[in-house]
Amino acid sequence: MKRVVCLLGSPRPKGNSAVLAKAVCEAATLAGAEVTTFALNTLSYRGCQGCLLCKTKTEACVLKDGLTPVLEAVRACDVLVLATPVYFGEVSAQLKAFIDRTYSFLTPDYAFNKQRRTRLETGKTLAFVIAQGHPREDLFTDIFPRYAYFFNWLGFTDSRLLRFCKVYHLGDAAARQGALDQAGDFGRGLVTEPRAAAEAAG
């Protein structure tokens, strides 16, 4: 059974990215996956403190806060779903703080030993679910490849994208049945397709 961890980066419990992620996770569950979801905005945590203790004293982040169980779940997962709105051309602050904390997954010599950069098992799947309010599909296209590049260092060798534009107002995604259907197909694919090329939807 595949273990899927979904992180909701939106501050809105029923925001567009959260609605799309829910459809992804429901489909993954029906396909036989074990899905665990964390709403990051409900947790209390800090970003990486740059203390480097995960590189000198321990093999895990020394901070003990709301992200501790999240990081442990990600360590054990097969598929990681990162759902986020686009804020100022970036992922949400809630999600970015989590991403910075994954620095603890890198080995002390990751910058020089390309054969063993990660403390995680390799072969994991990264799935980005992005809800963009702006209608232009050519904007903010750098988000996914930029983070897929770094997550590849962490062992996420299969990276997939589900992206929708022009979902600005609360409820926009929920009103687009086609988007929900695509999200369902995407979620099933995370469980049933061994590897896939990056997917994008307008």
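All of the numbers you see were taken from the coordinates with simple rules; none came from a lab. Fair warning: this is a prediction, and the values are worked out from it, not measured in the lab. Reconstructed Cβ throughout: ideal geometry from the backbone, glycine too, with neighbour counts over all protein chains shown.
Full extension from Leu30 to Thr157: what is 0.36 nm times the residue separation minus their Cα-Cα distance, to one decimal in nm? Working shown, then result.
Values: separation 127, 0.36 × 127 = 45.72 nm, distance 2.44 nm.
Here the answer is 43.3 nm.
What is the range 12-106 by shape, rounded, prolate or oblate, if you read a ≥ b ≥ c off the alpha carbon gyration tensor as root eigenvalues and call it rounded for a/c under 1.5, prolate for a/b larger than b/c, and oblate otherwise?
On the way: a/c = 2.42, a/b = 1.47, b/c = 1.64.
Note, shape of the range 12-106 comes out oblate.
Against the longest alpha carbon principal axis of the chain, how many degrees, from 0 to 90 and to the nearest 10, is the axis of helix 177-192 turned? On a 0 to 90 degree scale, this one is about 40. Got a sec? Charge dipole of the chain, +1 on Cβ for Lys and Arg, -1 for Asp and Glu; which of Ala21, Phe98, Gln132 is way out at the positive end? Toward the positive end, the furthest listed residue is Phe98. Phi angles across the range 84-94 convert, under the Karplus curve 6.51 cos²θ - 1.76 cosθ + 1.60 with θ = phi - 60°, into 3J(HN,Hα) values of 8, x, 9, 10, 6, x, 9, 5, 5, 4, 4 Hz, Gly and Pro given as x. Taken about its Cα centre, the chain carries a charge dipole of about 460 debye when Lys and Arg each add +1 at the Cβ and Asp and Glu each add -1 at the Cβ. Listed peptides 173-182, 5-14 appear in the order 5-14, 173-182 once ranked by packing, highest mean of other Cβ atoms within 10 Å at the front. When both the range 18-74 and the range 101-119 are represented by their alpha-carbon centers, they are found 18 Å apart. Extension gain for Thr42 to Ala111 (0.36 nm times residue separation, less C-alpha to C-alpha distance): 21.5 nm. Summing charges over all other residues whose Cβ lies under 13 Å from the Cβ of Gly15, with Lys and Arg as +1 and Asp and Glu as -1, gives +2.
Count charges around Leu106 for me, please; just the other residues with Cβ under 13 Å from its Cβ, Lys/Arg as +1, Asp/Glu as -1. Surrounding charge for Leu106 is +4. Taken over the chain, lysine pairs spaced eight or more positions apart, or on distinct chains, with alpha carbons under 23 Å apart number 17. Of the peptides 138-148, 49-59, the order by per-residue mean of other Cβ atoms within 10 Å, starting with the highest, comes out as 138-148, 49-59. Highest mean first, the peptides 116-124, 102-110 sorted by other C-beta atoms within 10 Å per residue fall in the order 102-110, 116-124.
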